[in-house]
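What follows is a short report on a single structure.
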Amino acid sequence: MDKQNDQSRMDKIVSLAKRRGFIFQSSEIYGGLNGFWDYGPLGVSLKRNVKDAWWRDMVAGHDELATLAGAPSPYEMTGLDCTIIMHPQVWKCSGHFDLFHDWMIDCRESKRRYRYDHLHGRWASHRGKKVFVTTDQSGDEAVPDTVAKAQKFFGLRAKQVDEIEWGGGLESLQQAIAAGVASLADTLGPDAAAPGSLTEPREFNLMFETRIGALAGDDDDRAFLRPETAQGIFVNFKNVLDTSRVSVPFGIAQVGKSFRNEITPRNFTFRSREFEQMEIEFFCKPADSAQWYRYWRDRRWKWYLDLGLTEGKLQLREHAQDELSHYSVGTADIEYAFPFLNPGEFGELEGIAHRGDFDLRSHMEGKLVRKDGELVVETGPDGKPRHRGSGKDLSYFDDVTRERYVPHVIEPSAGADRGTLAFLCDAYHEDEVPDADGKPRSRTVMKFHPRLAPVKAAILPLVKKDGMPEVAIDLYRALKPHMACQYDEKGAVGRRYARQDEAGTPWCLTIDGQTLTDKTVTLRDRDSLVQSRVPIAEVVDLLRDKLA
Ligand code: GAP
């Protein structure tokens, strides 16, 4: 599929998401708030189903007695629900206070702000005039964008565009400036008319800051909204160990909101400023950690496939050595080919990281840095720890082997909103179905996995008379305690099917004249469109089996 088709597909998905109540812009009646999204009636169920499937498959339904395929041994899973605002020292020791930033650059002319690493440019000259033209577009759109900007800057007509001389291909502005190939004075900002309007790049910490207490004012009251749920798990490691009889290896899971003051939120919910994460911190013996890392990477990959994401649109990408965080021994990303990306590009759904003992040691000893290949406490000019740890012992004593060690951590960290967006994009299909007269009618259908579908079944009396609604209401009441279902008697049955197809409802149950004589209903399958007759008495068990 070419870029234009894919972009129009994305536009259709965004429009369906709004029209059918999956996702709305936050505070829309006031013009919206960039980077914040609300989930509507169908969206809230879809996202809840994603989170519930994750919790059930990873935690509640986990068989602690079995050795699962690829796992070195059986293991336990438990959970936590921690606060969004935590002690500020947590972020100092974790490294977020010092390191969790992006470089941004402002344009004095257009008043727009960009992520420095998102800007690319190239030299353009025309009749002795030279400028380094930049763009904030990526992929296929970047080069044409620089051409259009250079044309405007030099005041050329379309047919004169070929007169522009280009000094090479697009390169990162950051690298061009670092290498002395360009300077800010010669640089034409992406939305500027004249060069030299971009400010020096500045660091921008992505953590949202707040103040605690009514008399807030001095630095001691400063607090942060968590940028990840993981730290709540690390600082509670000892509490969980002391209160739940778990033993290594075990995992602690958490689902909850995280906040990042992203400089350029974009691509619908993909990069938001408020979002939900589903994170596991898995604690294991250092010697087994490489095997556990592989286990979790493969297990999480399979989870997305089992819930129906198209395999060809998924990619498992191991990070190269120079991409790894300073504490990471290995990281893999599970990525999805979102339709807003260029062909061949993928966006991260989840990262699986081998974090060694970095986190537990940071919260014991203080903020760590890597020196000569070793993690050591970072010290200030006075030789004291730059950020002091809790001083609490977060090591683990193994009763069986009589060993004491700091467990290593494997962290599968998924985004609930990104996952939901991938399931939404993947489910979107357009096809043709026969109408009441057998003529082909185009339809939009959301082919969600039944476990994720916001509504599992719709109960439709063919007409609003002859006792059909009464039978349908009885069936609705029998089914409702077991699954989300809807009763709909409004409009022609074809239109009702179309409504349910757009909502992604896997099954429609139609009560018709035959129902009244033989107590069977029509079961219509959303994807195959096969219609079969099923005894009413068997409907509940049949659909429950299909969902199991
Ligand atoms: N504890 C590790 C951690 O937070 P991360 O790669 O920064 O790692 C994990 O985030 C996941 O959280 C990402 O793979 C993504 O799914 C989601 N995520 C991160 N930033 C996001 C944002 N601005 N908007 C939506 N989801 C985001």
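I need to check one value: relative contact order of region 101-228, counting alpha carbon pairs closer than 8 Å and at least 6 residues apart, in percent.
Relative contact order of region 101-228: 29 percent.
Skip the ligands, DNA and RNA, and give the accessible area per residue of region 413-548 with a 1.4 Å probe, whole Å².
Numbers: 6150 Å² over 136 residues.
Spelled out: the 1.4 Å probe surface of region 413-548, per residue, equals 45 Å².
Would you work out the relative contact order for the chain, in percent, from Cα pairs under 8 angstrom that are 6 or more residues apart?
Working: 1036 pairs, mean separation 70.5, N = 548.
Answer for the chain is 13 percent.
Give me the percent relative contact order of region 444-548, please, defined on Cα pairs under 8 angstrom at least 6 residues apart.
Reported relative contact order: 31 percent.
Using the Kyte-Doolittle scale, which helices in the chain average at least -1.0 and also have C-alpha atoms spread 20 Å or more along the helix axis, with helices defined as whole DSSP H runs?
41-55
Hey, what do the phi angles of region 258-273 turn into as Karplus ³J(HN,Hα) couplings, whole Hz, using 6.51/-1.76/1.60 and θ = phi - 60°, x for Gly and Pro?
10, 9, 9, 7, 4, 5, 10, x, 7, 6, 6, 7, 4, 10, 10, 8
Taking amide H atoms as placed 1.01 Å from N in the peptide plane, list the residues 5 or more away in sequence, or in a different chain, whose amide H sits under 5 Å from that of G415.
Residues meeting the amide H criterion: M278.
Please check which bits of region 451-475 a label hung off V44 would reach, taking the label as a point 7 Å along Cα-to-C-beta and the cut-off as backbone N under 18 Å.
Only 453-456 pass the distance filter.
Do any trypsin sites (Lys or Arg not before Pro) in region 498-545 lie in a DSSP loop with no more than 16 other beta carbon atoms within 10 Å, and if so, which?
Answer in residue order: K519.
Going by a ≥ b ≥ c, the root eigenvalues of the Cα gyration tensor, does region 210-356 fall in the rounded group (a/c under 1.5), the prolate group (a/b larger than b/c) or the oblate group?
oblate
Assign one of three labels to the chain, namely rounded, prolate or oblate, based on the Cα gyration tensor with a ≥ b ≥ c the square roots of its eigenvalues; rounded applies when a/c is under 1.5, prolate when it is not and a/b is larger than b/c, and oblate otherwise.
oblate
Once you put a point 7 Å from the Cα of K257 and another 7 Å from the Cα of S26, both along the Cβ direction, what distance in nm separates them?
Result for the modelled spin labels: 0.7 nm.
Loop-only trypsin sites (Lys or Arg not before Pro) in region 151-249, please: DSSP not H, G, I, E or B, and at most 16 other Cβ atoms within 10 Å. Please list the in-between numbers first.
On the way: sites: K152, R157, K159, R202, R211, R222, K238, R245; in loops: R157, R245.
Those satisfying the criteria are R157, R245.
How high is the FRET efficiency between R266 and A537 when r is their beta carbon distance and R₀ equals 51 Å, given to the nearest 0.05? Write out the running numbers ahead of the final one.
Working: r = 52 Å, r/R0 = 1.02.
With R0 = 51 Å, the Cβ-Cβ based efficiency is 0.45.
What's the carbon and sulfur percent of the chain's accessible surface, probe 1.4 angstrom, rounded to a whole number?
Values: 12740 of 25990 Å².
The value for the chain is 49 percent carbon and sulfur by accessible area.
Roughly how many nanometres apart are two label points built 7 Å out from the Cα toward the Cβ at L324 and V161?
About 4.6 nm, to one decimal.
Please give every one of the lysines within straight-line cross-link reach of K367, meaning a C-alpha to C-alpha distance under 24 Å, and leave out same-chain neighbours fewer than 8 residues apart.
The qualifying lysines are K92, K238, K285, K384, K392.
In deg cm²/dmol and to the nearest 500, what is the mean residue ellipticity at 222 nm of the chain if only DSSP H runs of at least 4 residues count, each as -39500 (n - 2.57), divided by the residue total?
-8500 deg cm²/dmol
How far, in nm, would the chain grow between D431 and A287 when pulled straight, counting 0.36 nm per residue and subtracting the alpha carbon separation?
46.6 nm
Per residue, how much accessible area does region 1-131 show when a 1.4 Å probe rolls over the protein heavy atoms, in square angstrom?
53
Reachable aspartates and glutamates from K313, Cα under 18 Å, same-chain residues fewer than 8 places away excluded?
K313 reaches D2, D6, D298, D333, E335, E345, E348, E350, D417, D426, E430.
Using a 1.4 Å probe and counting only protein heavy atoms, arrange V143, V255 so the residue with the most accessible area comes first.
Ranked from most to least accessible, the order is V143, V255.
So with the 1.4 Å probe, I'd like the accessible area per residue for region 209-342, rounded to whole Å².
Value for region 209-342: 41 Å² per residue.
Check cross-link reach from K152 to the lysines: straight Cα distance under 20 Å, and skip same-chain residues fewer than eight apart.
Leaving aside lysines fewer than 8 places away in the same chain, those within reach of K152 are K111, K129, K130.
With label points built 7 Å along Cα→Cβ from the Cα atoms of E345 and T78, find their separation and express it in nm.
About 4.4 nm, to one decimal.
The values are calculated or read from the model by the stated rules, or taken from the named source; none is laboratory data. In this text the structure is predicted, and so the values were computed from the model without any measurement. Methodologically, a virtual Cβ is constructed for each residue, glycine included, from the backbone with ideal geometry; neighbour enumeration extends over all protein chains shown. Surface areas here come from the heavy atoms of the whole protein model, side chains and all, with no ligands, DNA or RNA. Shrake-Rupley method; radii C 1.70, N 1.55, O 1.52, S 1.80 Å.
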